[in-house]
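Asks: Right, I'll just put the structure down here and ask away after.
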Amino acid sequence: MNKKELRAKYKALRQELSPDKIEDKSLAIANKMLQLDIWEKTYFHLFLTIDEQKEVETEFILQILAGKDKEIVVAKSNFETLEMTNYLLTDNTKFQKNKYNIYEPADGIEVPNAKIEVVFVPLLAYDKLGNRVGYGKGFYDNFLSKCPEDVIKIGLSFFGPEETIDDVSPTDIRLDYCVTPTTNYSFR
């Protein structure tokens, strides 16, 4: 399938999930993620859940990262430039919802891309090679292209991989891992 078809398929599959299922599967993903060999890293970039899109709830991952005293980085998106500015999450971080229902930091301590070691990447679908389908704006491919070459890219999904994505672009950046409620897929 191509990206457009996969977006439609996985948006529909997510819509079938009840709030309780989303919570249960998100907790299972957070627990499964504990098995990854990433915990010696310090700077973790985490996306904040868009409830209306029925995304994986990242609150559980946030709690794990905070419990392990990791530096948590969250982004603010610029829809004109399709770039993200990254901020350190602190007790003083204030959030606001943008017009796309994305919670973003209002301001804060900016973190350069060069410091980021692990990125949790939102997605709709992915394949057995680690290619992913997002929402189509290119925010994460743009952002990841500016991160250190060895940054660890981890997708989070309620579902298993597709065999292949037919229309992968040269600018698409592959995942290193994808964590589901039952399996950690490695593409390294």
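The values are calculated or read from the model by the stated rules, or taken from the named source; none is laboratory data. Keep in mind it's a predicted model, so treat the numbers as computed, not measured. Counting neighbours? That spans all protein chains shown, and the Cβs are built from the backbone with ideal geometry, glycine included. Please note that ligands, DNA and RNA were not included when accessible areas were found on the heavy atoms of the full protein model with its side chains. Shrake-Rupley method; radii C 1.70, N 1.55, O 1.52, S 1.80 Å.
Asks: List the aspartates and glutamates whose alpha-carbon lies under 12 Å from that of Lys76, not counting same-chain residues fewer than 8 positions away?
Replies: Glu104, Asp107, Glu110
Asks: With all distinct Cα pairs included, what does the Kirkwood hydrodynamic radius of region 90-164 come out to in Å, to one decimal, could you say?
Replies: Details: mean 1/r = 0.0696 Å⁻¹.
Kirkwood radius, region 90-164: 14.4 Å.
Asks: Further, regarding this structure: Counting Lys and Arg as +1 and Asp and Glu as -1, what is the net charge of the other residues whose Cβ lies under 10 Å from the Cβ of Met1?
Replies: Details: positive: Lys3, Lys4, Arg7, Lys9; negative: Glu5, Asp127, Glu162, Glu163, Asp166, Asp167.
In short, -2.
Asks: What percent antiparallel are the DSSP beta bridges of region 79-183, to the nearest 5? Before the final figure, lay out each step's value.
Replies: Numbers: 6 of 14 bridges.
The antiparallel proportion sits near 45 percent.
Asks: Right, another one. Quick one: work out the % antiparallel among DSSP beta bridges in the chain, nearest 5. Can you show the working numbers first?
Replies: Details: 15 of 28 bridges.
Counting DSSP beta bridges with both partners in the chain, the antiparallel share is about 55 percent.
Asks: I'd like the distance between the alpha-carbon centres of region 15-77 and region 88-162, rounded to an integer number of Å.
Replies: Cα centres, region 15-77 to region 88-162: 11 Å.
Asks: Next up: Taking each pair of different alpha-carbon atoms in region 149-188 once, compute 1/r for the pair, average those values, and report the inverse of that mean as the Kirkwood hydrodynamic radius in Å to one decimal.
Replies: Numbers: mean 1/r = 0.0886 Å⁻¹.
By the Kirkwood definition, the hydrodynamic radius is 11.3 Å.
Asks: Right, another one. Which of rounded, prolate or oblate describes region 16-98 when judged by the alpha-carbon gyration tensor and an a/c cut-off of 1.5? Write down the numbers at each step before the final one.
Replies: Numbers: a/c = 1.89, a/b = 1.09, b/c = 1.73.
It is oblate, given that a/c is not under 1.5 and a/b is not larger than b/c.
Asks: List the residues whose amide H sits under 5 Å from the amide H of His45, counting only those 5 or more places along or on another chain, with H placed 1.01 Å from N in the peptide plane.
Replies: Amide H neighbours of His45: Val73, Glu117, Val118, Val119, Phe120.
Asks: Taking θ as phi - 60°, what are the ³J(HN,Hα) couplings along region 44-52 by the Karplus curve (6.51, -1.76, 1.60), each to the nearest whole Hz, with x for Gly and Pro?
Replies: Coupling constants for region 44-52: 10, 8, 10, 7, 9, 4, 9, 4, 5 Hz.
Asks: Using modelled amide H (1.01 Å from N, peptide plane; none on Pro or chain starts), what sits under 5 Å from the amide H of Val133, excluding residues fewer than 5 places away?
Replies: Those lying under 5 Å, H to H, from Val133 are Leu124, Ala125, Tyr126.
Asks: Going down the list Lys25/Lys153; Lys4/Lys115; Lys4/Lys41, which pairs span over 31 Å between their C-alpha atoms?
Replies: Values: Lys25/Lys153 20 Å; Lys4/Lys115 33 Å; Lys4/Lys41 35 Å.
In this structure, Lys4/Lys115; Lys4/Lys41 exceed 31 Å between Cα atoms.
Asks: Considering only protein heavy atoms, what is the solvent-accessible area of Ile173 at a probe of 1.4 Å, reported in Å² to the nearest 10?
Replies: 40
Asks: Given only helices, namely DSSP H runs of n ≥ 4 each adding -39500 (n - 2.57), what is the per-residue ellipticity at 222 nm of the chain, to the nearest 500 deg cm²/dmol? Let's see the in-between values first.
Replies: Values: 4 runs with 43 residues, N = 188.
Dividing the helical sum by the residues of the chain leaves -7000 deg cm²/dmol.
Asks: Between (1) 1.24; (2) 1.02; (3) 0.96, which entry matches Cα Rg over 2.2 N^0.38 Å as derived from the coordinates of this structure?
Replies: (3)
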